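The values are calculated or read from the model by the stated rules, or taken from the named source; none is laboratory data. On a predicted model such as this, the values are computed, not experimentally measured, just so you know. Glycine gets a Cβ as well: all are built from the backbone with ideal geometry, and neighbour counts include every protein chain shown. Side chains included, ligands, DNA and RNA excluded: accessible areas come from the protein's heavy atoms. Shrake-Rupley method; radii C 1.70, N 1.55, O 1.52, S 1.80 Å.
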Protein chains: 4
Amino acid sequence: MNELKNITDLEYHGDGPVDYSLLDASLEKCVALIGQMDLPEERLRKAPGLKAIFNVEGNFYQNIDYDYCFRNGIHVLNCGGAYSQAVAEMSLGMALDLARGFSREDRRFRAGNETYLGEGCKDSVLLSGADVGFIGFGNLGRSMLSLLAPFHCRTRIYDPWIPDSVIDEQGCEPSTLEEVLSKSRFIFVFAGVTRENQGFLNQEKLDLISENAFFLLMSRAAVVDFDALNALTLSGKFSAASDVFPQEPMPEGHSVRRNDNLLLSPHRAGGIPQAFEMIGRMVLDDLSLILRGLPPVRMQKAQWETVKSFASKPAG
Amino acid sequence: MNELKNITDLEYHGDGPVDYSLLDASLEKCVALIGQMDLPEERLRKAPGLKAIFNVEGNFYQNIDYDYCFRNGIHVLNCGGAYSQAVAEMSLGMALDLARGFSREDRRFRAGNETYLGEGCKDSVLLSGADVGFIGFGNLGRSMLSLLAPFHCRTRIYDPWIPDSVIDEQGCEPSTLEEVLSKSRFIFVFAGVTRENQGFLNQEKLDLISENAFFLLMSRAAVVDFDALNALTLSGKFSAASDVFPQEPMPEGHSVRRNDNLLLSPHRAGGIPQAFEMIGRMVLDDLSLILRGLPPVRMQKAQWETVKSFASKPAG
Amino acid sequence: MNELKNITDLEYHGDGPVDYSLLDASLEKCVALIGQMDLPEERLRKAPGLKAIFNVEGNFYQNIDYDYCFRNGIHVLNCGGAYSQAVAEMSLGMALDLARGFSREDRRFRAGNETYLGEGCKDSVLLSGADVGFIGFGNLGRSMLSLLAPFHCRTRIYDPWIPDSVIDEQGCEPSTLEEVLSKSRFIFVFAGVTRENQGFLNQEKLDLISENAFFLLMSRAAVVDFDALNALTLSGKFSAASDVFPQEPMPEGHSVRRNDNLLLSPHRAGGIPQAFEMIGRMVLDDLSLILRGLPPVRMQKAQWETVKSFASKPAG
Amino acid sequence: MNELKNITDLEYHGDGPVDYSLLDASLEKCVALIGQMDLPEERLRKAPGLKAIFNVEGNFYQNIDYDYCFRNGIHVLNCGGAYSQAVAEMSLGMALDLARGFSREDRRFRAGNETYLGEGCKDSVLLSGADVGFIGFGNLGRSMLSLLAPFHCRTRIYDPWIPDSVIDEQGCEPSTLEEVLSKSRFIFVFAGVTRENQGFLNQEKLDLISENAFFLLMSRAAVVDFDALNALTLSGKFSAASDVFPQEPMPEGHSVRRNDNLLLSPHRAGGIPQAFEMIGRMVLDDLSLILRGLPPVRMQKAQWETVKSFASKPAG
């Protein structure tokens, strides 16, 4: 925040609920807004010099009159990219755990039931050279793809929002959702949730996943039929890891807590201290550019075609 | 084995103890020996056409008259490299677990004590950009370094057997043991055990490890004072993971089983099915070359300067 | 073009000068325009359904009422990225030529004056491990940085339009123009030309270049004092390569044609057949997305902060 | 040399012809020999403490009784690897020149015949994504493969001395000589010359090269029918570059000097100052290891299976 003060006049309104009368009083001379306040056209009109709205979350919400912003050259920015390295590292770590079973074997060791050497490794596989599939190829997918480079995997990607050529250029294979699900040993779900795609990973789709595959749900619980996922892994058809859940916290006695084929991570993949530091850095960088009359380059810009379809709610 | 038969006459003597009278009878026309049989000079003299001894383990043992082999142009080969990809992937997965605590949080989730979002991530760190240290830079270290490439770490390496220039060329920093221990956030022990270096990671050295560091023992338990390691991690000074133990199995009630800061892996890093397949492939490849009068290129050759200092015992 | 017809109704108006009466008649139902026609507000108003203007050049020109487009959600796109791979490969090839003198020695060989072995290599240097500097870090710089990865250079970058953190993240060093010029052995000029930066590489700046450096002008001649560059290289202070010239063609007897320390490339770095194919592909990809109601992802979008400062004229 | 003196007693016998009586007098206490002196068994017997012979060239010659050395644990080392980075960079630069014609167009520019923009680029191609072939996969091939990584080529490799799996592991395709020649756009010859393979790239094989391919002869002239290569490129079937010639210097009026489709490099690819510095470093490193009782790791060891088949003569 001190660095912010160095580059501009900062008015800090605290972390709690927004005091809109206070906010409205400041808008006249305001160049940028940082936070998730309600910004209908009526309020935005009070800020004739506004150049950017910094939404310090990973997704866009329906709190802003985006049309007004687009017509008036106001950037609406989020910091989705800030979390992607943290999520990618967590995804890789959990994928390696599914492949090698080390958290399971650590539990057995603590219980005095461990097995040494080859005996306990019969279902262990390498990630190197494996068939990998991504569902969604935004920031998370790109960060993950970088980490996968030394593993020389064959990577299939399904993302209906980008052309095949973009996937080709990354050395991956543009694929249908069905191909990704049925042909991959490791499947990573990195898709955001929109009004249209809720629950698209339904029972029928999950049934396509091959035996002994590893399925990692890293983005939003709402894209998957979670009960079906829980049942399929409980039955031992394949193993999975999930960082997101349909309810957080999950009910006390839920069967997910007894599912040995599901690695349970309570929404911990993205929000680590270094991600928050990076968000501060990104805001500072882009605000500096904007104050110098240059376009922002670090944060993600809302695009009019897609912003209204995002259905995410704030994570907190 | 069928492929072996295709390239040469194979005599298979089974998996159990060696029948030496049977073996001796075959040596006259023998070109290559595969296994860990006793091979003193007296026996080797019976095999005038012998060109190679394939030791299908990751280390050399004191079962062979190496001097005789060197004087007579007999290659002695082991398959250390075959395990290194498996160990490197396991090392990376366990390092990410130490950094993010996902196996610990999975245990808490199962117990109904999980914490969602940032609250549970306060001690989580990225591997990307971290200070990393290797103790030992043979096959394991090289495989690991490849996997670390996309993380852009600063990597310090201690290995008294190789010149600094070899480390420089890999973009790493040649370092003393003390530097690696005191300056690294992630420390990987990849050193083999010799007559000279047993227990070289003693209490005094382990005390150099900084608070909140992550220490991964991936090669041989004999290089470390294991009791000191257990005590330091029990006390919470730093966290660790270990794939090897001074006794395997460890005693039933050993405090290691209650150590929450020590990830326990019962010697599972290397011996996975794909490693065994690779060993078969390596033997086949090098035997083919040798039968064609060419030097082997896939397996590791015993070198007279070092082979006699190896103190490892067979893992099985 | 056939592929274009497959995804939409195409009206093709030929390659020659635009027939504006014909164009105006088509605007009513037009969704996208491809080409460099004049598009003042008056004409744009005739195209109420217009969603995108595809400018199939590497830069933006002053032929469009950009304000109107921004206010009305019309994407203005160019295909700068299409040339960058071709320019990067050419830049690398010419840099290696400056470092090793192979085109110069080929000329001597043809003249019968060649020198064999070490004698003719005394001034040869490796690119590997060298100090490299970029002036400008847009598409060209990024493509070049990818090609440089295996050379493990120390790369300093000057680009006033992007924050230091973007350069840091690429493993490069954000630097002043003076640092890039004075500390680099290889200097690549990838900067576009704007109203403000014409001739910014003036005599005073070029004097900072160290002896025996290699200077490659790959983007726009207008950013450099070309006479000063010619004089400095003629005098032998450093060597250079240039793909662009203040006049094209250069005058017949110009001293540049006798300058043995200047590799002469008549604007050949970008416009190769594969670049033109990629442009077709990019237009097709982004038009497909736009017709499906999705944002374009392959071409570069005009940004209101910068588009009006571009001073480039069409290359042809 | 000063560094050498720091680690051992050095006797320097000058750069000229060896004074064998002087040498013989020193052998009694000699640990290592550096140079290309004649070393028959009779002389080697005078050096009972000899541990290594450093041959500071890129190949092995028939000046040493290798059998004696192998039987007696004397390492014979060459510094082939020291040149490989220099050769790889030169190979890449010349390949890019063949692909883009920049040395040819520079000649035309000097003659006042240059063509600007697309017109002069119609036969230009990218290296990125191209079909590449290697003939020989030793040090040179490996260094080259590293430099090619960002180009994402499909790389076929022919090398009868190594198993397919070694090539597979590098992400390349093990291929026959015929496949490499007929299917590659860029062909790199990195093969050493042995008693058996002289002239193996004969007329019949060269006829397999496809039209518009680029052929780069980087290792030894003796592996190719040079007259056939000259004729095929003169006729315009394909283009080539050569760093080595059947006679050096080539005869004054030889047609090679008028061959516009052959880039002529008078044996300049390897012997650059930084390669010589690296040789010094390698000798120093390995000698240090040997004096400490450790095996050398930087230089190439003579192998009894292959050393006697090398037919190279010293380059100088």
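For the stretch D:88-106, which positions are in a helix (DSSP H, G or I) and more than 7 Å from chain C (Cβ to nearest Cβ)?
D:ALA88, D:SER91, D:ALA95, D:LEU98, D:ALA99, D:ARG104
Answer yes if at least one residue in the stretch B:37-60 is under 30 Å from A:LEU96 (Cβ atoms) and free of Cβ contacts under 8 Å to residues at least 24 places away in the same chain, and no otherwise.
No; the residues of the stretch B:37-60 include none that is under 30 Å from A:LEU96 (Cβ atoms) and free of Cβ contacts under 8 Å to residues at least 24 places away in the same chain.
Answer yes or no: is there a residue in the stretch B:71-87 that is in a helix (DSSP H, G or I), within 9 Å of chain A (Cβ to nearest Cβ) and in contact (Cβ under 8 Å) with a residue 60 or more places away in the chain.
yes
Residues of the stretch B:226-237 being crowded, with 19+ Cβ neighbours inside 10 Å and under 23 Å from the mean Cα position of the chain (by Cα), which ones?
If the condition is that a residue be crowded, with 19+ Cβ neighbours inside 10 Å and under 23 Å from the mean Cα position of the chain (by Cα), then B:PHE226, B:LEU229, B:ASN230, B:THR233 are the ones that fit.
Find all pairs meeting these conditions: Cβ atoms under 7 angstrom apart; at least six residues apart or on different chains; first residue within the stretch D:141-157 and under 15 Å from D:ILE187 (Cβ atoms); second residue at pLDDT below 95 and open to solvent by 10 Å² or more (accessible area, probe 1.4 Å).
Note: pairs meeting the criteria are D:LEU145/D:GLN170.
Would you call C:PHE188 touching a Ser or Thr at 6+ places or on another chain (Cβ under 8 Å) and facing another protein chain (nearest Cβ under 10 Å)?
No; evaluated as a whole, the condition is false for this residue.
Can you say whether C:ASP260 is more than 14 Å from chain A (Cβ to nearest Cβ) and under 24 Å from D:LEU117 (Cα atoms), as far as the supplied structure shows?
Yes; evaluated as a whole, the condition is true for this residue.
For the stretch D:153-162, check the following and say yes or no: at least one residue is over 25 Å from D:VAL224 (Cα atoms), open to solvent by 10 Å² or more (accessible area, probe 1.4 Å) and in contact with a helix residue (DSSP H, G or I) (Cβ under 6 Å, 6 or more places away or on another chain).
Looking for residues that are over 25 Å from D:VAL224 (Cα atoms), open to solvent by 10 Å² or more (accessible area, probe 1.4 Å) and in contact with a helix residue (DSSP H, G or I) (Cβ under 6 Å, 6 or more places away or on another chain), one finds none in the stretch D:153-162, hence no.
Answer with yes or no whether A:GLY118 is within 9 Å of chain B (Cβ to nearest Cβ), over 17 Å from the mean Cα position of the chain (by Cα), outside any helix (DSSP H, G or I) and surrounded by fewer than 21 Cβ atoms within 10 Å (Cβ to Cβ).
Taking the combined requirement at face value, the residue does not satisfy it.
Going by the conditions given, is C:GLN274 modelled with pLDDT of 95 or more, farther than 17 Å from C:ASN59 by Cα and within 14 Å of chain A (Cβ to nearest Cβ)?
yes
Please find, among D:SER128, D:SER146, the residue that is farther than 16 Å from C:LEU264 by Cβ, open to solvent by 40 Å² or more (accessible area, probe 1.4 Å) and at the interface with chain C (Cβ under 8 Å from one of its Cβ atoms).
Just one listed residue meets the conditions, D:SER146.
Restricting to the stretch C:282-302, name every residue that is part of a loop (DSSP other than H, G, I, E, B), out of contact with any Leu (no Cβ under 7 Å at 6 or more places or on another chain) and closer than 11 Å to C:PHE54 by Cβ.
C:ARG298
Across the stretch C:131-143, which residue is most open to solvent (accessible area, probe 1.4 Å) among those that are within 16 Å of C:GLY171 (Cβ to Cβ) and not in a strand (DSSP E or B)?
C:ARG142
What are the residues in the stretch B:164-184 that are crowded, with 21+ Cβ neighbours inside 10 Å and either touching an Asp or Glu at 6+ places or on another chain (Cβ under 8 Å) or not β-branched (Val, Ile, Thr) (or both), if any?
B:ILE167, B:CYS172, B:SER175, B:LEU181, B:SER184 - these are the residues of the stretch B:164-184 that are crowded, with 21+ Cβ neighbours inside 10 Å and either touching an Asp or Glu at 6+ places or on another chain (Cβ under 8 Å) or not β-branched (Val, Ile, Thr) (or both).
So how many residues does the stretch B:1-28 have that are open to solvent by 90 Å² or more (accessible area, probe 1.4 Å) and in a helix (DSSP H, G or I)?
6
Could you list, in sequence order, all residues of the stretch C:149-162 that are hydrophobic (A, V, I, L, M, F, W, C), in contact with a Ser or Thr (Cβ under 9 Å, 6 or more places away or on another chain) and within 14 Å of chain D (Cβ to nearest Cβ)?
Of everything in the stretch C:149-162, those that are hydrophobic (A, V, I, L, M, F, W, C), in contact with a Ser or Thr (Cβ under 9 Å, 6 or more places away or on another chain) and within 14 Å of chain D (Cβ to nearest Cβ) turn out to be C:PHE151, C:CYS153.
Which condition number does A:PHE54 fail, the rest of (1) open to solvent by less than 60 Å² (accessible area, probe 1.4 Å); (2) outside any strand (DSSP E or B) being met?
(2) is the only condition that A:PHE54 fails.
Consider A:SER124 against the criteria (1) modelled with pLDDT of 95 or more; (2) closer than 21 Å to B:LEU126 by Cα: it satisfies all of them except one. Which criterion is unmet?
(2)
Identify, by number, the condition in (1) in contact (Cβ under 8 Å) with a residue 40 or more places away in the chain; (2) charged (D, E, K, R); (3) surrounded by fewer than 20 Cβ atoms within 10 Å (Cβ to Cβ) that D:GLU305 doesn't meet.
Result: D:GLU305 passes all but (1).
Suppose the filter is of a type in the set (A, V, I, L, M), more than 13 Å from B:VAL283 (Cβ to Cβ) and out of contact with any strand residue (DSSP E or B) (no Cβ under 7 Å at 6 or more places or on another chain); does B:LEU22 pass it?
Taking the combined requirement at face value, the residue satisfies it.
Can we say C:GLY280 is in contact with an Asp or Glu (Cβ under 9 Å, 6 or more places away or on another chain) and either open to solvent by less than 10 Å² (accessible area, probe 1.4 Å) or facing another protein chain (nearest Cβ under 9 Å) (or both)?
So C:GLY280 fails the test.
Where residues in the stretch D:257-275 are without any contact (Cβ under 8 Å) to a residue 40 or more places away in the chain and either of a type in the set (Phe, Trp, Tyr) or crowded, with 23+ Cβ neighbours inside 10 Å (or both), which of them is farthest from D:LEU206 (Cα to Cα)?
If we take residues in the stretch D:257-275 being without any contact (Cβ under 8 Å) to a residue 40 or more places away in the chain and either of a type in the set (Phe, Trp, Tyr) or crowded, with 23+ Cβ neighbours inside 10 Å (or both), then D:PRO266 is farthest from D:LEU206 (Cα to Cα).
Would you say A:ASP106 is over 26 Å from the mean Cα position of the chain (by Cα), at pLDDT 90 or above and buried (at least 23 other Cβ atoms within 10 Å of the Cβ)?
Yes: the conditions hold for A:ASP106.
(1) crowded, with 17+ Cβ neighbours inside 10 Å; (2) modelled with pLDDT of 95 or more; (3) not hydroxyl-bearing (Ser, Thr, Tyr): which one isn't true of A:HIS254, the others all being true?
The one condition A:HIS254 does not meet is (1).
I'd like the full set of residues that are open to solvent by less than 40 Å² (accessible area, probe 1.4 Å) and on the phi < 0 side of the Ramachandran plot, limited to the stretch C:29-47.
Residues satisfying the conditions are C:CYS30, C:ALA32, C:LEU33, C:MET37, C:LEU39, C:ARG43, C:LEU44, C:ALA47.
Scan A:LEU291, A:LEU287 and give me the residue that is closer than 30 Å to C:ASN72 by Cα and buried (at least 17 other Cβ atoms within 10 Å of the Cβ).
Answer to the selection: A:LEU287.
Taking the stretch C:192-220, which residues are surrounded by 16 or more Cβ atoms within 10 Å (Cβ to Cβ), in contact with a Lys or Arg (Cβ under 8 Å, 6 or more places away or on another chain) and at pLDDT 95 or above?
C:ILE209, C:ALA213, C:PHE214
Would you check if A:PHE137 is at the interface with chain B (Cβ under 7 Å from one of its Cβ atoms) and free of Cβ contacts under 8 Å to residues at least 60 places away in the same chain?
For A:PHE137, the condition - at the interface with chain B (Cβ under 7 Å from one of its Cβ atoms) and free of Cβ contacts under 8 Å to residues at least 60 places away in the same chain - is not met.
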